[in-house]
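Contents: one structure, followed by commentary.
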Amino acid sequence: MQEDVIFKGSKTGLQLLLSETADFGNIIQQLKEKLESATNFFSKGCIVKVPIANRVLTTEQQQQLTSLFADYGLKWKEVQDPSVSDEQPAAEPTPKPMIITKTLRGGQEIMYSGAVIIMGDVNPGAKVTAGGDIVISGACRGVAHAGAYGDEKATITAKRLIASQLRIADVIARSPDNLDDFIQPDYTETACIKDGAVVIEPAKQQYTFN
Amino acid sequence: MGEVIVITSGKGGVGKTTTTANLGTGFALLGKKVVLVDADIGLRNLDVVMGLENRIVYDLVDVTEGNCRLKQALIRDKRYESLYLLPAAQTRDKNAVNPDQMKVLCSDLAEEFDYVIIDCPAGIEQGFKNAIAGADRAIIVTTPEVSAVRDADRIIGLLESEGKHDPKLVVNRIRPHMVKKGDMMNIDDIIEILAIDLLGIIPEDEYIVISTNRGEPAVVSPVALASIAYKNIVRRLLGENVPLMTIESNEGFFYKLKKVFGF
Ligand SMILES: Nc1ncnc2c1ncn2[C@@H]1O[C@H](COP(=O)(O)OP(=O)(O)OP(=O)(O)O)[C@@H](O)[C@H]1O
Ligand SMILES: [Mg+2]
């Protein structure tokens, strides 16, 4: 199915991009499915930015959006073209880390503006997008995106870092195709950006999980 | 009140219908009152596997739409007095029923039966939502293949978000010689990813195919490997402590499997 609705972490926060041409009913439907699949995972009170350059909404459509978002404890606001936004990310206070106390299964997704700590695994097909760092107490086998709003100093730490894809800010690294040839170390590892590329090294900071 | 168990998987063709038929018949062999519910509306199979196709008059949708009483739609098994089937409608689709109706249906059945076992359709859409709606617990069936395990994981997540926790796992179609050569996922790898309790392992067994074509579940056989494996699962569900054929410490899974199955 074609995606008419895309959530995107950008330098200025969580953005919602709507297709310019798709039927609004379809958009609401797809949006609902996205919100449903990520229930509880959008932080409450989070403000989603909808660039108006993308699509002009009628008052009625705006109301539909507002009430749908409200069902999930979210708000939205219109912004101008995202690329020329003058908002400073640093001006917003850093939110408290979000702590998830379960394993993320395939198809589940977390989006959060701050750091995310997961007490469990991130399984294949699951996705974590965080404005800050990501720390996973178990295995990371899915997709992790730290520093999603552009913070290149963000890191991803997991007891077993075997993610299919790691993203930090705008840099993407994928797992090697011949994973079987690699011996998985039994120590906690951290991914960070060095010289413009994602590198993985033994974790400096020992996170302790109970 | 009886217990409502849904047999689900995500991926198609991994053995949900086979497992429903065998567990249900296995319970009936021990004298339990059981009803099998075919929730795969539009693609019904369970009646064929049970050899009851020619007795269908009313179906699940007739019940939910009020065209007949629940009792009228229940088909008594040929072999076992305490075993019944509620067949799916073949000419309708998944949207002919909704989760609320399924909840009512399941609780009505649970009044009458010790076990209500629901055969879930493949997929994660309406049919899945209907099948799990009234279930107290879930059994996830997978095969030792990466794609089936991925789908099982997704299903576990969806069950969780519906407030259904602690599903149990059945790994079907294990081929010991392939696992041994490393050509198939082993049980440990599967459990590590899914992180749920293993309820049992069913070997690949051509007797399943033979019995399916005959319309008589394999569990009726006193000797077939798959029959023994299904009987073990039934006993575990009844709370008996039947040792799992898994790995403990140094002893490999194959070794155990060999010992138990006599390979
Ligand atoms: N342990 C086994 N050994 C050999 N064959 C098997 C075994 N389990 C299942 N099969 C065969 O695999 C096929 C699919 O099984 P089944 O119909 O039970 O799967 P299903 O999950 O219900 O499929 P669907 O998703 O289409 O409803 C059948 O032909 C069955 O006979
Ligand atoms: Mg089936």
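Applying the set (1) within 30 Å of B:D47 (Cβ to Cβ); (2) surrounded by fewer than 17 Cβ atoms within 10 Å (Cβ to Cβ); (3) out of contact with any helix residue (DSSP H, G or I) (no Cβ under 7 Å at 6 or more places or on another chain) to B:M178 leaves exactly one unmet item: (1). Here A:A163 meets each of (1) assigned to a loop (DSSP other than H, G, I, E, B); (2) under 12 Å from the mean Cα position of the chain (by Cα) with one exception, condition (2).
Only residues that are hydrophobic (A, V, I, L, M, F, W, C), at pLDDT 50 or above and either open to solvent by 60 Å² or more (accessible area, probe 1.4 Å) or in a helix (DSSP H, G or I) (or both) were counted across the stretch B:222-263, and they come to 9.
Test B:E112 against the stated conditions and say whether it is more than 27 Å from B:G10 (Cβ to Cβ) and in contact (Cβ under 8 Å) with a residue 60 or more places away in the chain.
Considered against the rule, which asks whether it is more than 27 Å from B:G10 (Cβ to Cβ) and in contact (Cβ under 8 Å) with a residue 60 or more places away in the chain, B:E112 comes out as yes.
The number of residues in the stretch A:151-171 that are of a type in the set (S, T, Y) and under 14 Å from A:A130 (Cα atoms) comes to 2.
Of the numbered criteria (1) within 14 Å of chain A (Cβ to nearest Cβ); (2) more than 13 Å from ligand 2 (Cβ to nearest atom); (3) of a type in the set (D, E, K, R), the one B:K11 fails is (2). One residue stands out among those in the stretch B:99-137 that are away from ligand 1 (no atom under 13 Å from the Cβ) and among the small types (G, A, S): the one that is nearest to the other protein chains (Cβ to nearest Cβ), which is B:A133. If we scan the stretch B:159-167, do we find a residue that is within 16 Å of the chain's Cα centre (by Cα), in a loop (DSSP other than H, G, I, E, B) and more than 18 Å from A:K102 (Cβ to Cβ)? Scanning the stretch B:159-167, I find no residue that is within 16 Å of the chain's Cα centre (by Cα), in a loop (DSSP other than H, G, I, E, B) and more than 18 Å from A:K102 (Cβ to Cβ), so the answer is no.
Among the residues of the stretch B:138-151, those that are assigned to a helix (DSSP H, G or I) and more than 9 Å from chain A (Cβ to nearest Cβ) comprise B:S147, B:A148. One residue is enough: does the stretch B:185-202 have a residue meeting the conditions touching a helix residue (DSSP H, G or I) at 6+ places or on another chain (Cβ under 6 Å), within 16 Å of ligand 2 (Cβ to nearest atom) and open to solvent by less than 80 Å² (accessible area, probe 1.4 Å)? Yes, that holds for at least one residue.
Flag not set for B:E3, criterion: away from chain A (no Cβ under 14 Å), within 16 Å of ligand 1 (Cβ to nearest atom) and surrounded by fewer than 20 Cβ atoms within 10 Å (Cβ to Cβ). Just checking, does the stretch A:186-200 include any residue being at pLDDT 90 or above, aliphatic (A, V, I, L, M), assigned to a loop (DSSP other than H, G, I, E, B) and outside the structural domain of A:I47 (by TED's automatic domain parsing)? No, the conditions are met nowhere in the stretch A:186-200. Of the residues making up the stretch B:140-166, those that are open to solvent by less than 20 Å² (accessible area, probe 1.4 Å) and closer than 10 Å to B:S9 by Cα number 10.
You will find that of B:A152, B:A73, B:A89, B:A135, the residue that is in contact with a helix residue (DSSP H, G or I) (Cβ under 9 Å, 6 or more places away or on another chain) and within 30 Å of B:V179 (Cβ to Cβ) is B:A152 and no other.
For the stretch A:94-124, the set of residues classified as outside any loop (DSSP other than H, G, I, E, B) and either farther than 19 Å from A:R174 by Cα or at the interface with another protein chain (Cβ under 10 Å from one of its Cβ atoms) (or both) consists of A:M98, A:I99, A:I100, A:L104, A:I110, A:M111, A:Y112, A:V116, A:I117, A:I118, listed by residue number. Listed here are the helices (runs of 4 or more DSSP H) enclosed by the stretch B:1-105 that have at least 3 residues being touching a residue at least 60 places away in the same chain (Cβ under 8 Å): B:16-29, B:46-49. With the structure loaded, tell me whether B:R137 is in contact (Cβ under 8 Å) with a residue 40 or more places away in the chain, out of contact with any Ser or Thr (no Cβ under 9 Å at 6 or more places or on another chain), open to solvent by 40 Å² or more (accessible area, probe 1.4 Å) and more than 18 Å from A:P124 (Cα to Cα) or whether it fails that test. Judged against the criteria, B:R137 is a match. Give the residue, chosen from A:A158, A:A169, A:A146, A:A154, that is at pLDDT 95 or above, in contact with a strand residue (DSSP E or B) (Cβ under 9 Å, 6 or more places away or on another chain) and over 24 Å from B:I193 (Cα atoms). Within the list A:A158, A:A169, A:A146, A:A154, the selection yields A:A154. Restricted to the stretch B:6-33, and to residues that are away from ligand 1 (no atom under 13 Å from the Cβ) and over 16 Å from B:N45 (Cα atoms), which residue is most open to solvent (accessible area, probe 1.4 Å)? The extreme case among them is B:L30.
Can you find a residue in the stretch B:56-71 that is within 13 Å of ligand 1 (Cβ to nearest atom) and surrounded by fewer than 22 Cβ atoms within 10 Å (Cβ to Cβ)?
Within the stretch B:56-71, not a single residue is within 13 Å of ligand 1 (Cβ to nearest atom) and surrounded by fewer than 22 Cβ atoms within 10 Å (Cβ to Cβ).
Return yes or no: is B:D166 within 13 Å of another protein chain (Cβ to nearest Cβ), in contact with a Lys or Arg (Cβ under 9 Å, 6 or more places away or on another chain) and within 11 Å of ligand 1 (Cβ to nearest atom)? So B:D166 does not fit the description; no.
The values are calculated or read from the model by the stated rules, or taken from the named source; none is laboratory data. Note that the structure is predicted; figures quoted are calculated from it, not measured. When we count neighbours, we look across all protein chains shown, and the Cβ atoms used for this are built from the backbone with ideal geometry, even at glycine. The protein model used for the area step is the full one, side chains on, heavy atoms only, and it has no ligands, DNA or RNA in it. Shrake-Rupley method; radii C 1.70, N 1.55, O 1.52, S 1.80 Å.
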